[in-house]
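The values are calculated or read from the model by the stated rules, or taken from the named source; none is laboratory data. Computed from a prediction, not measured in an experiment: that's the story for all the values here. Cβ sites come from the backbone with ideal geometry, for glycine too, and all protein chains shown count toward neighbours. Note: accessible area is taken over every heavy atom of the protein model, side chains too, but ligands, DNA and RNA are not part of it. Shrake-Rupley method; radii C 1.70, N 1.55, O 1.52, S 1.80 Å.
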Amino acid sequence: MKDYIVHICGRLQFPRAAIDEYASAYSRIHVCRQALELFEKCVSDYENTGYADFEVFDAAAYKIEVRTGVHRFTVSMLMMLAFTRHLKEIYDAKGFGERMYLDILQDLRCKNTECFQLHGVYGSFVMKWELKIFNILLFCFGRLQFEPKSLENDTETSAGVIKRGTPAVSIHIPSNGRLDIGLCIDSVKHARVFFKKYTVFYCNSWLLYPENHEIITPPSNILKFMNLFEIVSCAESRADLWRIFAVSDTEEFAALPEDTSLRRDFKHRLLCGGSVGVGFGILKSNVGV
């Protein structure tokens, strides 16, 4: 298993330091009989059922941490890396192809980076979210991720009201490099073909907060991304500041990093008492057609 974990980390271009840490962490689990039994049971449960049970696996990660000293976030990522072998079998059986498989697994690398930035630990602190990948509830086509759902509320747009319960696809933006608009449109194009029965695509994100037009200095890919949507609602919120600044403590505005133009723009906004938030938008019907 250790060789496989090192292999898949390499394929997903994890940092060398992270790969070494995962190899070391697995070795520590391997020499503890009780921890290894727990770990292997989680893997076999997923392989036998095709279902990743967060409550069960999260509890096992805590127990393994107690027995080995390996941080539960690291254990969580180790489990998911081990699950990728069976996920490949599922993707092959469904005819999804190698590209889709590797695209969705890039999110593991993104979450590994975020975990290290915020907690100083290689791993994942959002295992519950990541298990959507292994339960075939989250898909990726290039730059963007897509989650088939349904609208939770009636949504008023310029074209009329879209009723609550309407099948829809939620768009997610992983922290996987530049938000290149051409790549985003290409992702949508592939998603429209894949989810051909769905006509409504939406996004709920800090990227769509309408006042970003006042915050962000153009030219900006974020502003271009906003223009792909009809933004129909918004709310003030600082919950996503960690995504912008890549730090866990965002309460002391003066201490926030300002090493990019985006961070400088948002830091200035916060220091001036301005609002930040999230927006809910419906993807324009001509995007990706």
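Take the Cβ-Cβ distance between residue 213 and residue 150 as r, set R0 to 30 Å, and report the resulting FRET efficiency rounded to the nearest 0.05. Before the final figure, lay out the partial values.
Details: r = 30 Å, r/R0 = 1.00.
Efficiency, from the Cβ-Cβ distance: 0.50.
Report the gain in length on full extension from residue 27 to residue 224: 0.36 nm times residue separation, minus Cα-Cα distance, nm rounded to one decimal.
Here the segment from residue 27 to residue 224 would lengthen by 66.3 nm.
Among 250, 168, 38, whose Cα projects farthest towards the positive end of the dipole of the chain, with charges put on the beta-carbon of Lys, Arg (+1) and Asp, Glu (-1)?
168
Evaluate the Kirkwood expression for the hydrodynamic radius of the chain, namely the inverse of the mean inverse distance over all pairs of different C-alpha atoms, and round to one decimal in Å.
With all distinct Cα pairs of the chain included, I get 20.5 Å.
Pop a pseudo-label 7 angstrom from the Cα along the beta-carbon direction at both residue 54 and residue 238 and give the gap in nm to one decimal.
That separation, rounded to one decimal, is 2.6 nm.
Tell me the accessible surface of residue 272 in square angstrom (1.4 angstrom probe, heavy atoms of protein chains only), to the nearest ten.
That residue has around 90 Å² of solvent-accessible surface.
Taking R0 as 30 Å, what FRET efficiency do you get between residue 157 and residue 197 from their Cβ-Cβ distance, rounded to the nearest 0.05? The partial results should precede the final answer.
On the way: r = 20 Å, r/R0 = 0.66.
Result of the calculation: an efficiency of 0.90.
Once both axes come from the Cα atoms, what is the angle between helix 261-271 and the longest principal axis of the chain, in degrees from 0 to 90, rounded to 10?
70
In vacuo Debye scattering of the range 203-289, one point per C-alpha: log10 I(q)/I(0) at q = 0.11, 0.13, 0.22, 0.24 Å⁻¹?
-0.30, -0.42, -1.07, -1.22
Hey, what angle do you get for helix 98-119 against the long axis of the chain, alpha-carbon based, 0 to 90 degrees rounded to 10?
90
Have a look at 140, 95, 262 and report the one farthest towards the positive end of the charge dipole of the chain, computed about the Cα centre with Cβ charges (Lys/Arg +1, Asp/Glu -1).
Checked the options; the winner is 95.
To the nearest 20 Debye, how big is the dipole of the chain about its Cα centre, given +1 on the beta carbon of each Lys and Arg and -1 on that of each Asp and Glu?
Here the size comes out at about 620 debye.
For the range 83-186, which trypsin sites (Lys or Arg not before Pro) pass both filters: DSSP loop (anything but H, G, I, E, B) and at most 12 other C-beta atoms within 10 Å?
Filter output for the range 83-186: 163, 164, 178.
Kindly rank 4-10, 45-51 from highest to lowest mean number of other beta carbons found within 10 Å of each residue.
4-10, 45-51
Could you list the GluC sites (Glu not before Pro) in the range 124-164 that lie in coil according to DSSP, counting only those with at most 11 other Cβ atoms within 10 Å of their Cβ? Present the calculation step by step, with values, prior to reporting the outcome.
Details: sites: 130, 152, 156; in loops: 152.
Passing sites in the range 124-164 are 152.
Which angle from 0 to 90°, rounded to the nearest 10, does the C-alpha axis of helix 72-94 make with the longest principal axis of the chain?
Computed tilt is about 80 degrees.
Evaluate the distance, in nm, between pseudo-label points positioned 7 Å from the Cα of residue 98 and of residue 231 along their respective Cα→Cβ axes.
4.1
Please report, in debye to the nearest 20, how large the charge dipole of the range 50-133 is about its Cα centre when each Lys and Arg carries +1 at its beta carbon and each Asp and Glu carries -1 there.
Details: 11 positive and 11 negative charges, 25 e Å.
It works out to roughly 120 debye.
Given the options 199, 260, 113, which has the most mean-square fluctuation in a GNM of the chain, springs set between C-alpha atoms less than 10 angstrom apart?
260
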